[in-house]
Amino acid sequence: MPAGHGFTDFLFEQLTPLGHITARRMFGKTGVFCDGVMLGMIAENTLYLRVDDHSRAFFQEASTSAPLNYKKAGTTIDLAFWRIPDRLIDEPEELVAWARVALAAAKRVSARRPRRAK
């Protein structure tokens with residue numbers, strides 16, 4: 001389920017220190033982008049941030065929750081987006097710090113992908 005407008009607006013306000021924040025509906029969820037790089041996804045008014053091998057230790061607290069996933073052909077596919085701890089909603093500076101780490105991970109992932117011709 002995509003994010004509600006109130007939750008998305010709240011997150012945009014919180015994440016503004018990172019840069020230009022936008023959202024786009026994707027796969028029945030909402031992608032969260034900073035300056036064109038997808039750093040997170042929102043599903044059912046819950047923020048999931050991008051994690052990679054370099055940031056996994058930083059996000060250790062989030063590893064206790066299931067990652068964002070979807071079902072395909074009867075199999076659950078886990079994505080590299082981990083649910084933020086609920087406490088971060090009330091701690092804007094720490095939320096931004098987590099989002100910065102997720103943005104760095106997203107940039108590393110993006111840099112490894114081959115570019116498509118437009």
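The values are calculated or read from the model by the stated rules, or taken from the named source; none is laboratory data. No experiment lies behind these values; they were computed from the predicted model shown. Positions of Cβ are generated from backbone atoms using ideal geometry, with glycine treated the same way; all protein chains shown enter the neighbour counts.
Listed values, structure above:
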| quantity | calculated |
| --- | --- |
| Flag if Arg56 is within 13 Å of Ala102 (Cβ to Cβ) and either among the β-branched types (Val, Ile, Thr) or in contact (Cβ under 8 Å) with a residue 24 or more places away in the chain (or both) | no |
| Residue in the range 71-81 that is more than 12 Å from the chain's Cα centre (by Cα), under 19 Å from Gly31 (Cα atoms) and in contact (Cβ under 8 Å) with a residue 60 or more places away in the chain present | no |
| Considering residues of the range 82-93 that are closer than 17 Å to Thr64 by Cβ, assigned to a helix (DSSP H, G or I) and not aliphatic (A, V, I, L, M) only, the residue nearest to the chain's Cα centre (by Cα) | Asp86 |
| Search result, residues across the range 19-31 that are touching a residue at least 24 places away in the same chain (Cβ under 8 Å) and surrounded by 17 or more Cβ atoms within 10 Å (Cβ to Cβ) | Lys29, Thr30 |
| Among residues of the range 8-26, those that are more than 17 Å from Glu93 (Cβ to Cβ) and under 14 Å from the mean Cα position of the chain (by Cα), counted | 6 |
| Residues (of a type in the set (A, V, I, L, M), surrounded by 10 or more Cβ atoms within 10 Å (Cβ to Cβ) and either touching an Asp or Glu at 6+ places or on another chain (Cβ under 9 Å) or more than 23 Å from Thr16 (Cα to Cα) (or both)) located in the range 58-83 | Ala66, Leu68, Ile77, Leu79, Ala80 |
| Considering residues of the range 84-114 that are closer than 22 Å to Glu13 by Cβ and of a type in the set (Val, Ile, Thr) only, the residue surrounded by the most Cβ atoms within 10 Å (Cβ to Cβ) | Ile84 |
| Any hit, the range 49-59, residues being more than 16 Å from Lys107 (Cα to Cα) and either of a type in the set (D, E, K, R) or touching a Leu at 6+ places or on another chain (Cβ under 8 Å) (or both) | yes |
| Identity of the residue in the range 12-28, touching a Phe, Trp or Tyr at 6+ places or on another chain (Cβ under 9 Å) and at pLDDT 90 or above, that ends up farthest from Asn69 (Cα to Cα) | His20 |
